[in-house]
1. I'd like to check something: does the stretch 253-260 contain any residue that is crowded, with 24+ Cβ neighbours inside 10 Å, in a helix (DSSP H, G or I), modelled with pLDDT of 85 or more and not charged (D, E, K, R)?
2. Name every residue in the stretch 39-67 that is buried (at least 19 other Cβ atoms within 10 Å of the Cβ) and of a type in the set (A, V, I, L, M, F, W, C), in order of residue number.
3. Just to be sure I understand, how many residues within the stretch 75-131 are surrounded by fewer than 18 Cβ atoms within 10 Å (Cβ to Cβ) and in a helix (DSSP H, G or I)?
4. Kindly list the number of the only condition in (1) at pLDDT below 85; (2) in contact with a Leu (Cβ under 6 Å, 6 or more places away or on another chain) that fails for Ile6.
5. For the stretch 140-202, please list each of the helices (runs of 4 or more DSSP H) lying entirely inside it that holds at least 3 residues being in contact (Cβ under 8 Å) with a residue 60 or more places away in the chain and either at negative phi or surrounded by 14 or more Cβ atoms within 10 Å (Cβ to Cβ) (or both).
6. Among the listed residues Tyr51, Tyr32, which satisfies the condition of being at pLDDT 95 or above and in a helix (DSSP H, G or I)?
7. Just to be sure before I move on: is Tyr21 part of a helix (DSSP H, G or I), at pLDDT 85 or above and among the aromatic types (Phe, Trp, Tyr) in the structure I sent?
8. Leu285 versus (1) in a helix (DSSP H, G or I); (2) more than 14 Å from the chain's Cα centre (by Cα): which is the lone unmet condition?
Amino acid sequence: MLQLQILLPAVLNGLATGAVYALVALGLTLIYGVLHIVNFAHGSLLMLALYGVYFLYTLLGIDPYLALPIAVPLMFCLGYALQRSVIATASHGREENILLVTLGLSIIIDNLALYFWTADTRTINPSYAFETVDFGVAFIAVPKAVSFVGALAVTAVLRLLIQRTDLGKAIRALARERRGAELVGIDVDHVYAMSFGIGIACVGAAACLLLPSYYVHPGVGESFVLIAFTIVVLGGMGSFAGALVGGFVIGLTESLGGLFLGENLGRIGVFVIFIAILLFRPTGLFGQRA
């Protein structure tokens, strides 16, 4: 049996990783909840955000955490522009077309990244990369602790935006009933683009929180988007609370699985959970039947 001194750090690391996973999944579940589509380009846009934060650090010396006010608005603008100029235009209002368009965007972004930046894995080494915080029961790396707090803070801001602002009310109205939203004067196309932009802004925030303890290469988004899809299904499609809880569950499962089974087999538990949810509760933990 593992000692508590080994188990507790694994739990804390799992929670910290799960918070960032939840942040990536929040963007995905917001886009699904409003546009009712699965964004296949989500992982590729996360990869693009990671490269952006990497170059801000290496070329301009901007710390990843200080890059939040830069990366988040830029990714929002990119998401808004993609939805208005590419996705909405090329899909002609058909949801099945949107899936193909986002898949095409993913392929284009991945291959452009491979062409311009090669397949080399890139990392950064900030001064605090190997520093730790003493929580009394265990030590945790500073980047992990900051990513946990930062992900919760961004999630809280997103929740306030959705619950307390006029834009949030319009988003919730459109997610529930498009025709009714149109009848009360909501600009549907604008709110669609805003929702997509906010969802992509979430991956911009996730990139800033991830890079001090992670790496970037053109294929890095694939693993994250698989985890994000699992979290969205686990928590319930369109549920913010489900994305947060699902992120913690998946983060803990991955961390403890790696501890007991080794790094290469650590993610087996994640996909076991995914299959079990599909078999026994397809609506997810917080989802509702249509």
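1. No: zero hits.
2. Within the stretch 39-67, Phe40, Ala41, Leu45, Leu46, Met47, Leu48, Ala49, Leu50, Val53, Leu56, Ala67 meet the criteria.
3. Count: 22.
4. (2)
5. Correct list: 142-164, 166-176.
6. So the residue among Tyr51, Tyr32 that is at pLDDT 95 or above and in a helix (DSSP H, G or I) is Tyr51.
7. yes
8. The single condition Leu285 does not satisfy is (1).
The values are calculated or read from the model by the stated rules, or taken from the named source; none is laboratory data. Because the structure is predicted, anything quoted here is derived from the model rather than measured. As a convention, Cβ positions derive from the backbone with ideal geometry for all residues, glycine included, and neighbour counts pool all protein chains shown.
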